Amino acid sequence: MPKSRHKHPRKKQSSRIHVPALVGWILLCELAGIVGSLFTISAIPTWFATLTKPVFSPPNWIFGPVWTLLYLLMGVSAYRVWRLGVRKSSVRNAMILFGIQLFLNAIWSIIFFGWHNIPFAFIDIAALWLTIIYLILRFHKLDEPSAYLMMPYLVWVSFATVLNYNFWLLNP
């Protein structure tokens with residue numbers, strides 16, 4: 001019998017989808033975006049319009065569709081790991097880490113758009129970026145597709161981190 005290339009073979013996930021749980025995880029992630037948008041929408045035509053923007057700053061309309069898609073992918077990713085069983089400490093710890101990154105994500109808009117605190121928002125997004133990397137590594141050990149579903153999020157947050165930093169430089 002050939003040896004597995006993994007020291008600890010991964011449990012094969014059931015192909016059965018628990019639709020209410022999947023929808024719940026997606027809605028939880030989208031809710032983080034809704035919370036942030038409550039602070040963002042009113043600040044865009046007022047405070048944000050007065051800021052000097054980096055030349056590579058995308059148009060405002062792009063953020064809503066991109067974040068909606070990213071929250072969807074995050075929700076599916078979290079669901080896939082959750083269904084492995086939160087009674088397992090590795091799954092439970094990964095889900096706690098997921099909650100931490102979702103919290104850091106949601107408060108970024110409050111800090112940046114609500115409080116107009118660009119430096120503190122940068123600290124938050126840098127912590128978020130590091131948390132996402134660690135989360136992807138943890139998810140990869142549990143369910144590779146879940147880690148891959150988080151990659152577009154990491155790419156976007158990487159871009160957003162650079163953007164936030166440049167807003168800070170241009171608007172001291």
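The values are calculated or read from the model by the stated rules, or taken from the named source; none is laboratory data. None of these values were measured; they are calculated from a predicted model. All Cβ positions, even for glycine, are placed from backbone atoms using ideal geometry, and neighbour counts span all protein chains on display.
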Legend entry - Which numbered condition Trp129 misses (of (1) of a type outside the set (Val, Ile, Thr); (2) free of Cβ contacts under 8 Å to residues at least 40 places away in the same chain; (3) not in a helix (DSSP H, G or I)): (3)
Legend entry - Residue identified as of a type outside the set (A, V, I, L, M), closer than 24 Å to Ile118 by Cα and at pLDDT below 95 among Pro45, Pro54: Pro45
Inset, instruction - Go through region 48-87 and give me each residue that's in contact (Cβ under 8 Å) with a residue 12 or more places away in the chain, of a type in the set (Lys, Arg) and either surrounded by fewer than 18 Cβ atoms within 10 Å (Cβ to Cβ) or in contact with a strand residue (DSSP E or B) (Cβ under 7 Å, 6 or more places away or on another chain) (or both). - result: Lys53
Inset, instruction - Could you tell me whether Val91 is at pLDDT 95 or above, assigned to a helix (DSSP H, G or I) and in contact with a Gly (Cβ under 6 Å, 6 or more places away or on another chain)? - result: yes
Inset, instruction - Kindly provide the set of residues from region 32-75 that are aliphatic (A, V, I, L, M) and within 12 Å of the chain's Cα centre (by Cα), ordered by number. - result: Ala32, Val66, Leu69, Leu70, Leu72, Leu73, Met74
Inset, instruction - Would you mention how many residues in region 49-87 are part of a helix (DSSP H, G or I) and among the charged types (D, E, K, R)? - result: 1
Inset, instruction - Please go through region 132-151 and pick out each residue that is assigned to a helix (DSSP H, G or I) and touching a helix residue (DSSP H, G or I) at 6+ places or on another chain (Cβ under 6 Å). - result: Ile132, Leu135, Ile136, Arg138, Phe139, His140, Leu142, Ser146, Ala147, Leu149, Met150
Legend entry - Single residue of Arg10, Arg80, Arg16 found to be at pLDDT 95 or above and under 26 Å from Leu135 (Cα atoms): Arg80
